[in-house]
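The values are calculated or read from the model by the stated rules, or taken from the named source; none is laboratory data. As the structure is a computational prediction, the values presented were derived from the model and not from experiment. Glycine gets a Cβ as well: all are built from the backbone with ideal geometry, and neighbour counts include every protein chain shown. Side chains are part of the model used for accessible areas, which takes the heavy atoms of the whole protein and leaves out ligands, DNA and RNA. Shrake-Rupley method; radii C 1.70, N 1.55, O 1.52, S 1.80 Å.
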Amino acid sequence: MFTIMAPVGVVKLRAWLLLPFLCLTLRADMLQFAAATIQGYIGDRDIVCPSVCRCDEDFIYCNDRGLNSIPSLPSAASVLYLQNNHINNPGLPTSLEHHLTVRVVYLYDNELDEFPMHLPPSLRELHLQDNNIRTIPRSALARMPLLEKLHLDDNSISTVSIEDQAFADNPRLRLLFLSRNHLSSIPSGLPASLEELRLDDNRISTIPTHAFRGLSSLRCLVLDGNLLANQRIADDTFSRLANLTELSLVRNSLQTPPVNLPSAHLQRLSLQDNALTHMPRGSLDGMRRLQRLDLSGNNLTTLPRGLFRDLDSLGQLLVRGNPWHCGCNLRWLYDWLHARGNSITVRGLTCHGPDRVRDMALKDLTNQMEECEVVRTVGNRDRVGGAGVIDSSTTLSPPQGSLFTLRSKRPGLGLPDSGLDYTLGSSGVGKSLALNVKPLSHNSIRVTWSVAQPSSSFRLSWLRLGTSNAMGSITETLVRGDRREYLLTSLQPRSSYIICMVPLTASSGSKGAISGDTDTDEALVCAKAETSDLTPVDGNQKEDEDSQQMTALPLAGIIGGATAIVSLALILGIFCWYGHRTGHLSSRDHYTRSSSRKSKTYDDYIESGTKKDNTILEIRSPGFQMTPMPACQPLQPKPLREDYIIHTIFPSNGTGLYKGANHVSNAGYGTNRGYREGGIPDIDYCYT
């Protein structure tokens, strides 16, 4: 009994031991399944990277892959590099807006035609340049309320394609790039938070007063490469930008800097590659923080005295590409540069004239500048450095001084133009001075004057008028009080000049010459003159030229007529000679044909297949005739070769070609064979 129960207990014991083992195994499987599930979930969330991309933590690099659409991205991605692909608008998945960790997206250089709609709302920076985007809808920008930087360069955006108040829902937008688009005006409704605005290389031609209204935070404004001109910019356009630190107006059509530039915080001013011919005095006043000034690539020849008086912080002055005239007009700039020393870097201040100092730097003209007039007050009399007034015989051109303003009775009229209250002629009369001007040549004008009472000196100024309201360079010099005549030289041909003179007293001479004091404006007298053409022709020269023309005209006619007659006679002679020769040959040919045919029978030669064949080749010498063989002859010629038979032609008088007239032919040889003894066969075959 005991032996039977023992196996049953062992079986039960095994069953009890197997049950915990099964439970442990099942629990391990469940834990493994849970771990696999969790691992797969985490992999889908953070680890899985698209096979065509490269991932570096939260930076996803899918650029330059030739993609047509955006692949599935990890939800933890923060920066997406998708540039330089072929992604179009259908290639942007709607699931992209659910990636709430994305901060920066690079989508430039793709094939987008419309502004993307399903971008993440957490986006801070968006690069869409170099696509073909045409519109900016407000609804698309409203999905990105945290957007700070928007790059839309190199697209097809026009002013009318920007929806009204398109940026109203982007209160954090600080940077907006719209370069190289199709804008014709400044976009409206820009956010007040904007700090940098780039609108270069568009078609903007007009800037109204309200263009930058509300942009008090704007610090950088770039308007390069547009169609801006002084007449199309409102006077107070830039004055509203009180915090502006950088202004760039490169490659426009400005003749002078825009008025009322913001001066409080401006640090960089770029005006290169315009049409600047004049820098008005005071145009840079108040710019005490200006560090960089670029005036390169313009038509500036001089700068007015005192232009840089507030530029204490200027460290870079770029003026290359201008035709600088380094006369006494720039003596003040020479002194200013030497006073600044190494604290300023100057590029391009190279003299273009006079020829004596061409291609020399202004800072190196120490000897030349010492020859200039320097008016100094010593006691109560004027001392003029050098040799008094520099006349036109010196190597230096007449000194060009500071630009000054002609004032008339009408308020607000700053420069002389057609609206003055007086009409300028070749003479002018004032209270104490009468001025008369007379052009002498294409580059010189004679100035004479008379005064009611003696003066210590005179201030003589002349201004070349341009084709527009923008004024040219004003030149100023001092003339001794005992002189009553002055010759202006080195002027421009075919140009109008306003010439003004004012007498200076001993106490105001230096002030008037250097600073342009307004006390002497009441005594200012002006006149107007115009230089002639570059090659003037007086009456005698005109008469000589007319007589020469009248003399040369018949001679030219005679030569031409004689040439025509000779040519016509030559042509007529050629025609006559040719006609005579042709007629002679024709008559000779006709005579030969008729005479030969009358003396021969039809059997004397063989015609080639037609009743009248004019192509028979004959040797017109007496006694021979060469004709093509007809196809019916027994002897067939070789291919591509014609056979000819040379027959002996018997003269009509019975004499042979190779025998004398008295020779009697042998009757035994027959009529034709009698000529063999002359060494010529009866029939010869000639192959050609």
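Computed with a 1.4 Å probe over protein heavy atoms only, the accessible area of residue 559 comes to about 100 Å². Here is the list for region 73-122: GluC sites (Glu not before Pro) lying in DSSP coil, each with at most 13 other C-beta atoms within 10 angstrom of its C-beta, are 111.
Summarising the label geometry, the points placed 7 Å from Cα in the beta-carbon direction at residue 364 and residue 165 lie 6.4 nm from one another.
Fully extending the segment from residue 122 to residue 139 would add 4.6 nm, taking 0.36 nm per residue of separation and subtracting the current Cα-Cα distance. For the residues 438, 149, 431, a 1.4 Å probe over the protein chains yields an accessible-area ranking, largest first, of 431, 438, 149. Compared with the alpha-carbon gap, the fully stretched path from residue 464 to residue 48 is longer by 142.2 nm at 0.36 nm per residue. Note on residue 76 and residue 111: the model spin-label points, each 7 Å out from Cα along the C-beta direction, lie 3.4 nm apart. In the frame of its principal axes, region 274-371 has Cα extents of 37, 30, 20 Å, reported largest first. Take the Kirkwood radius over Cα pairs of region 86-158, plug it into Stokes-Einstein at 37 °C and 0.692 mPa s, and you get 269 µm²/s for translational diffusion.
Per residue, how much space in cubic angstrom lies within the convex hull of the C-alpha atoms of region 289-331?
On the way: hull volume 3.0 nm³, N = 43.
Considering the Cα atoms of region 289-331, their hull volume per residue is 71 Å³.
Which net charge results when you count Lys and Arg as +1 and Asp and Glu as -1 among the other residues whose beta-carbon is under 13 Å from that of residue 462?
For residues surrounding residue 462, the net value is +2.
The accessible area of residue 126, taken with all protein chains in place and a 1.4 Å probe, comes to roughly 0 Å². The residues neighbouring residue 258, those whose beta-carbon lies less than 11 Å from its own, together hold a net charge of -1 under the Lys/Arg +1, Asp/Glu -1 convention.
Nearest 0.05, what FRET efficiency do residue 565 and residue 182 give at R0 = 60 Å with Cβ-Cβ as r? Write down the numbers at each step before the final one.
Details: r = 68 Å, r/R0 = 1.13.
E between residue 565 and residue 182, to the nearest 0.05, is 0.30.
Projected label points at residue 95 and residue 196, each 7 Å from Cα along the beta carbon direction, are separated by 3.5 nanometres.
Note on residue 484 and residue 243: with the Förster distance fixed at 60 Å, the Cβ-Cβ geometry gives a FRET efficiency of about 0.60.
The residue 220 and residue 453 beta-carbon pair, evaluated with R₀ = 41 Å, returns a calculated FRET efficiency of approximately 0.10. Quotient of the Cα radius of gyration of region 137-269 and 2.2 N^0.38 Å, N being its number of residues: 1.00.
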